[in-house]
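Data block below; observations after.
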Amino acid sequence: PKSLALMKRFLKWLTRPIVILVLSTSVATAQKQQLEPEGYGQWQYITTSELSADGNWFAYNISLVDGDGWLNIKKVGSDSSGTHKFMHGSRPSFSNDNEWAAFLIGVSEDKAEEQKKQKKRPQNKLGLMKLSTAEVDTFQKVQSYDFSDNGRYLAMQKYKAEGVESAGTDLILRDLSTGSNQLIGNVAEFAFNDSGNKLAVLLDASEELGNGVHLYDLPSGKVTVLDSDNTSYKELTWNEDGTGLAFLTESENEDFQDPTHKIHAYRNLSGSTQKLVFDQQAFTSYPDSMRVVDYRSLQWSEDNNTLFF
């Protein structure tokens with residue numbers, strides 16, 4: 001009968017993939033190597049990743065279960081020759097103009113352990129890679145960095161020197177288009193505005209001499225002292241369009257064990273600048289039992305007419 005023949009053909013077809021699967025499994029089992037315990041430490045895994053704005057470059061960290069990892073910066077779609085490997089690299093970032101990659105470079109686990117025994121603090125370097133040529137410049141003793149949003153500038157903050165009580169450290173401002181570096185001393189905080197044409201720095205020097213907030217107009221090189229006083233400055237906050245800046249200054253008040261703060265706000269920094277200061281002691285309507293704290297960031301409203309604290 002015709003139906004019986006069809007059934008036999010169907011069963012023959014149905015069993016064929018099973019035979020292939022069994023054969024494939026047998027071959028794979030025969031080729032598998034015995035994994036020894038000492039091999040576990042060499043297992044690799046990806047911990048962080050970063051993609052350039054145009055999607056043409058990709059950075060990712062390879063870590064080992066036991067041992068020193070590395071950073072790979074790779075051109076998307078290229079073969080292994082397009083991968084650039086940096087031992088002990090971390091925290092990669094690409095400039096928004098897709099011209100540069102920056103990353104921190106640490107030390108080996110053995111070196112870090114040796115420095116720990118000597119009571120020395122391990123210090124990172126910074127690597128700066130020009131993507132078009134793969135050339136890399138290295139800067140010593142850099143703890144943090146940031147690109148301006150337009151990709152033209154790179155700010156690199158150095159480590160604080162031993163025995164210095166103030167929070168300020170040296171900041172290197174690099175003009176990526178010219179390769180020139182500018183040193184700014186005693187910087188506790190720094191922040192680019194969103195357009196990348198201004199840099200605000202908060203200064204914290206020894207004995208509070210010269211403390212204040214300076215504003216750098218990057219294209220012209222002009223420096224404006226927004227405020228200066230023998231007190232602590234903190235919480236630099238740009239508004240969304242980069243035309244307004246706010247920060248706090250510490251203010252002693254005998255009613256509190258911890259200090260309160262004055263709030264400084266500057267609007268229209270590219271034109272006729274307006275300066276506003278809020279001091280709670282000057283307002284009788286402000287609650288006597290409350291103070292302005294520094295552990296919550298300042299925040300501008302979208303229309304730049306209100307500052308929340």
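Residues checked against (1) modelled with pLDDT under 90; (2) touching an Asp or Glu at 6+ places or on another chain (Cβ under 6 Å); (3) small (Gly, Ala, Ser); (4) surrounded by fewer than 17 Cβ atoms within 10 Å (Cβ to Cβ):
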{"site": "205", "(1), (2), (3), (4)": "yes, no, yes, no"}
{"site": "209", "(1), (2), (3), (4)": "yes, no, no, yes"}
{"site": "214", "(1), (2), (3), (4)": "no, no, no, no"}
{"site": "238", "(1), (2), (3), (4)": "no, no, no, no"}
Of the residues in region 270-303, those that are under 21 Å from residue 195 (Cβ atoms), at pLDDT 90 or above and open to solvent by less than 60 Å² (accessible area, probe 1.4 Å) come to 298, 300, 301
Among the residues of region 32-76, how many are touching a residue at least 40 places away in the same chain (Cβ under 8 Å) and closer than 12 Å to residue 94 by Cα?
9
Filtering region 79-92 down to residues that are of a type in the set (S, T, N, Q) and surrounded by 12 or more Cβ atoms within 10 Å (Cβ to Cβ), which residue is nearest to residue 110 (Cα to Cα)?
90
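State yes or no: is residue 267 at pLDDT 90 or above, farther than 30 Å from residue 180 by Cβ, crowded, with 19+ Cβ neighbours inside 10 Å and among the basic types (Lys, Arg)?
Values: at pLDDT 90 or above: yes; farther than 30 Å from residue 180 by Cβ: yes; crowded, with 19+ Cβ neighbours inside 10 Å: yes; among the basic types (Lys, Arg): yes.
So residue 267 fits the description; yes.
Residue-wise test of (1) touching a helix residue (DSSP H, G or I) at 6+ places or on another chain (Cβ under 7 Å); (2) farther than 20 Å from residue 159 by Cα; (3) outside any loop (DSSP other than H, G, I, E, B).
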{"position": "47", "(1), (2), (3)": "no, yes, yes"}
{"position": "77", "(1), (2), (3)": "no, yes, no"}
{"position": "85", "(1), (2), (3)": "no, yes, yes"}
{"position": "92", "(1), (2), (3)": "no, no, yes"}
{"position": "97", "(1), (2), (3)": "no, yes, no"}
{"position": "128", "(1), (2), (3)": "no, no, yes"}
State whether one or more residues within region 244-258 are in a strand (DSSP E or B), charged (D, E, K, R) and surrounded by 12 or more Cβ atoms within 10 Å (Cβ to Cβ).
yes
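Considering only region 146-194, state which residues are of a type in the set (Ser, Thr, Tyr) and open to solvent by 70 Å² or more (accessible area, probe 1.4 Å). Can you show your working first?
In the first step, residues of region 146-194 are kept if they are of a type in the set (Ser, Thr, Tyr); the result is 148, 153, 159, 166, 169, 177-178, 180.
Matches in region 146-194: 177, 178.
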Could you check, for region 63-74, whether at least one of its residues is over 28 Å from residue 150 (Cα atoms), in a helix (DSSP H, G or I) and open to solvent by 90 Å² or more (accessible area, probe 1.4 Å)?
no
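The values are calculated or read from the model by the stated rules, or taken from the named source; none is laboratory data. Since the structure is predicted, the reported quantities are computational estimates derived from the model, not experimental observations. As a convention, Cβ positions derive from the backbone with ideal geometry for all residues, glycine included, and neighbour counts pool all protein chains shown. Quick note on the areas: whole protein, heavy atoms, side chains included, nothing else; ligands and nucleic acids left out. Shrake-Rupley method; radii C 1.70, N 1.55, O 1.52, S 1.80 Å.
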